[in-house]
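See below for the structure under consideration.
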Amino acid sequence: MSGMGIRTELLIGKEGMDRLASSSVVLAGCGAVGGYVLEGLVRAGIGKIKVVDHDVFSESNLNRQILATCQSIGRSKVDVACERARSINPDITIEGVDCLVTEDTAYDILCGEHDVLVDAIDTLKNKTALLAKASEIGIRTFSSMGAALHIDSQAVRIAPLSKTKVCPLAASVRKSLRDYDTSMITCVYSEEPPISIPQDRDEHGKSILGSMPTIPAIFGMTLANETIRYILERE
């Protein structure tokens with residue numbers, strides 16, 4: 001037993017550790033929420049991770065993204081994510097895919113023998129493209145809804161996509177996926193109404209959203225924990 005897994009094995013036993021080590025997870029997005037998902041999965045001992053992102057770190061990421069440092073600004077997020085994972089667990093099998101998630105790329109991203117998809121994408125079009133394909137394939141999915149514009153940690157909830165409330169992003173995702181079976185999708189979301197309305201957009205036309213360092217971390221670690229519980233408890 002490696003030093004990294006001693007405390008975890010005391011809790012879940014060798015069989016549990018073996019289950020985690022033999023599992024494979026696709027993580028789409030390694031920014032504010034996804035970086036913390038990665039941290040939780042790697043430290044728990046997940047054996048194989050495919051991490052997907054098509055972005056680089058910028059100074060504006062420093063307030064809330066665990067992988068963002070002064071040294072990582074301008075670098076590919078997936079490259080930094082893979083380095084971080086290997087620095088924690090040198091035995092991990094991790095693949096970085098520098099790719100934009102679209103209807104055209106979603107199948108290739110999900111193809112293979114994967115146990116779980118964790119969706120930490122923050123744009124509706126790309127998010128629903130991946131979730132639609134995941135629903136068609138039937139892969140168990142844990143998905144982050146909107147973590148920005150929130151400050152109340154006690155309002156964070158876990159529920160099937162069909163049961164989410166208040167969150168505007170969840171409502172838009174439900175509408176976009178109304179023709180799909182979403183029973184395999186569990187969401188982490190907030191029932192706190194957004195506390196501000198975004199006014200500014202970046203050079204790509206994407207809304208610039210105010211965000212705390214804490215709420216995305218809670219979302220990410222909750223997604224990681226739900227993934228771990230699913231792997232340990234499934235038949």
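The values are calculated or read from the model by the stated rules, or taken from the named source; none is laboratory data. Fair warning: this is a prediction, and the values are worked out from it, not measured in the lab. Using ideal geometry, Cβ is built from the backbone for each residue, glycine included, and neighbour counts are taken over all protein chains shown.
Conditions (1) on the phi > 0 side of the Ramachandran plot; (2) touching a Gly at 6+ places or on another chain (Cβ under 8 Å), marked per residue:
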{"site": "LYS14", "(1), (2)": "no, no"}
{"site": "LEU27", "(1), (2)": "no, yes"}
{"site": "ILE49", "(1), (2)": "no, no"}
{"site": "LEU62", "(1), (2)": "no, no"}
{"site": "GLY74", "(1), (2)": "yes, no"}
{"site": "VAL80", "(1), (2)": "no, no"}
{"site": "GLY96", "(1), (2)": "no, no"}
{"site": "CYS99", "(1), (2)": "no, no"}
{"site": "THR105", "(1), (2)": "no, no"}
Please determine, by comparing only the residues of the stretch 182-207 that are of a type in the set (S, T, N, Q) and either surrounded by fewer than 18 Cβ atoms within 10 Å (Cβ to Cβ) or out of contact with any Leu (no Cβ under 6 Å at 6 or more places or on another chain) (or both), which one is modelled with the lowest pLDDT. GLN199
Give the residue that is farthest from ILE185 (Cα to Cα), with candidates limited to residues of the stretch 91-129 that are at pLDDT below 95 and of a type in the set (Asp, Glu). GLU113
Residues of the stretch 93-118 being under 17 Å from GLU39 (Cβ atoms) and either free of Cβ contacts under 8 Å to residues at least 40 places away in the same chain or in contact with a Cys (Cβ under 9 Å, 6 or more places away or on another chain) (or both), which ones? ILE94, GLY96
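Each row is one residue, and each column tells you yes or no for (1) touching a strand residue (DSSP E or B) at 6+ places or on another chain (Cβ under 6 Å); (2) part of a loop (DSSP other than H, G, I, E, B); (3) crowded, with 20+ Cβ neighbours inside 10 Å; (4) without any contact (Cβ under 8 Å) to a residue 24 or more places away in the chain.
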site: GLU9; (1), (2), (3), (4): no, no, no, yes
site: GLY13; (1), (2), (3), (4): no, no, no, yes
site: LEU27; (1), (2), (3), (4): yes, no, yes, no
site: GLY35; (1), (2), (3), (4): no, no, yes, no
site: GLU39; (1), (2), (3), (4): no, no, yes, no
site: VAL52; (1), (2), (3), (4): yes, no, yes, no
Exactly one of LYS133, LYS165 is of a type in the set (Lys, Arg) and buried (at least 19 other Cβ atoms within 10 Å of the Cβ), and that residue is LYS133
If SER60 satisfies all but one of (1) modelled with pLDDT under 95; (2) of a type outside the set (Asp, Glu); (3) not in a helix (DSSP H, G or I), what's the number of the condition it fails? (3)
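Please determine, by comparing only the residues of the stretch 65-87 that are of a type in the set (S, T, N, Q) and surrounded by 21 or more Cβ atoms within 10 Å (Cβ to Cβ), which one is farthest from LEU41 (Cα to Cα). It would help to see each step written out before you state the result.
First, the residues of the stretch 65-87 that are of a type in the set (S, T, N, Q): 65, 69, 71-72, 76, 87.
From what is left, the residues that are surrounded by 21 or more Cβ atoms within 10 Å (Cβ to Cβ) are 65, 72.
Working: GLN65: 16, SER72: 21 Å.
The extreme case among them is SER72.
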Residue check for TYR230: aromatic (Phe, Trp, Tyr) and assigned to a helix (DSSP H, G or I): yes
